[in-house]
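Enquirer: Can you read through this structure? Questions will come right after.
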Amino acid sequence: MSLRVVALVLASCVLHAWWNLLLKRARDKMAFTALFLLLTPLLYLPMALFLAGGARIPAVGWGCMLAASALYFGYFAALATAYKDGELSAAYPLARGVGPALALVWGVLFLRERPTGWGFFGVMLVVGATVLLVRVGRGKVALRSGLPPGAVLAALVVGLMYSLYSLTDKVGVGRLHIHPALYIYLTYAMSALAFGLWFVGRRGSEPLLAEWRANRTACTAVAALNVFSYLLVLYAMSLPGTPVSYVIPLRSVSVLIAVLLGVEVLQEGERWSKLGAAALMMAGIALMAWKG
């Protein structure tokens, strides 16, 4: 794997962890989420118009994107909920670790994939890391932080949504051969519209305006980064001679970066416990992707 590919994937990891940090620091995390989701299709409209020329999407492809957009909706709603009370350094690795483990299970059940023993061992490592993360913050010193039960549940829902939309995306891009960037754009656009309507219907427009006034720069940054970070990975995988089986485990570095941002930038506690759990999580994800 070339240094160029490694640099692209590591840059993606940094950007993904960074926009999660910005979401965690938002004042009203659900309003912030609604705003950056609504901004994303606007920012990437030129790309979509360029790719749409000559694109042919079958009816089943639109159904796939509609299903994925509903899963994205659940993912972002649960992510905002997890960060409301939970720490970045605990919620992020929990969600990012559970997702690939469940995706492997869905691949066995629905796509007839046959993982190796190493793949299942990777799942066990992720489960062990999850137990460590959930236990972090239960002691007297860390009662002020960690993952309260509601945040644990929300982070697990994020992981579940991540696993299900990964399966759906695999069908849309891999089996129906929809252009990945166009697929992502259209799925985000449908999810953003649904999320925005849901938020305004539930809480009105004033929280959106208040959050925009307080965090417009961070919100615009997340709108750009949440798609761009994944486009970097797609570009890296498109380069000749790039083994996808190496790219995917390399992406797990984002788990370690998010933990470091949480404990160093946000001053969240239990540094070594979380770094240990993150390392175990990375090893499990790498085994599932590389040897699974």
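A short reminder: the numbers here are calculations on the coordinates, not readings from a lab. Computed from a predicted model, the values in this text were never measured in an experiment. Don't worry about glycine lacking a Cβ; one is built from the backbone with ideal geometry, like all the others, and counts go over all protein chains shown.
Enquirer: How much length, in nm to one decimal, is gained on full extension between Gln267 and Leu176, taken as 0.36 nm per residue of separation minus their Cα-Cα distance? Show your work: numbers first, answer last.
Expert: Details: separation 91, 0.36 × 91 = 32.76 nm, distance 4.50 nm.
Roughly 28.3 nm would be gained on extension.
Enquirer: From the C-alpha gyration tensor of the stretch 52-103, pull out the three semi-axes of the equivalent ellipsoid (sqrt of 5λ each), sorted largest to smallest, in whole Å.
Expert: Semi-axes (√(5λ), whole Å): 31, 12, 10.
Enquirer: Non-local amide H neighbours of Gly269 (under 5 Å, H modeled in plane, Pro and chain starts lacking H): which ones?
Expert: It is Gly146, by chain and number.
Enquirer: If you don't mind, another one. Around Trp19, under 14 Å between beta carbons, what's the net of Lys plus Arg minus Asp minus Glu among the other residues?
Expert: Surrounding charge for Trp19 is +4.
Enquirer: Still on this structure: If the cut-off is 15 Å between C-alpha atoms, which aspartates and glutamates fall inside it for Lys274, apart from same-chain ones fewer than 8 positions away?
Expert: Here the aspartates and glutamates satisfying the reach criterion relative to Lys274 are Glu87, Glu264.
Enquirer: In what sequence, highest mean first, do 29-39, 44-54, 84-94, 214-224 appear when ranked by Cβ atoms within 10 angstrom?
Expert: Ranking, from highest mean packing down: 84-94, 29-39, 214-224, 44-54.
Enquirer: Expressed in nm², what is the orientationally averaged projection area of the convex hull enclosing the Cα positions of the stretch 22-77?
Expert: For the stretch 22-77, averaging the hull's shadow over all directions gives 4.7 nm².
Enquirer: Give a residue-ordered list of calculated ³J(HN,Hα) values for the stretch 250-264 (Karplus: 6.51 cos²θ - 1.76 cosθ + 1.60, θ = phi - 60°; whole Hz; x for Gly, Pro).
Expert: 5, 5, 5, 4, 4, 4, 5, 4, 5, 5, 5, 4, x, 7, 9
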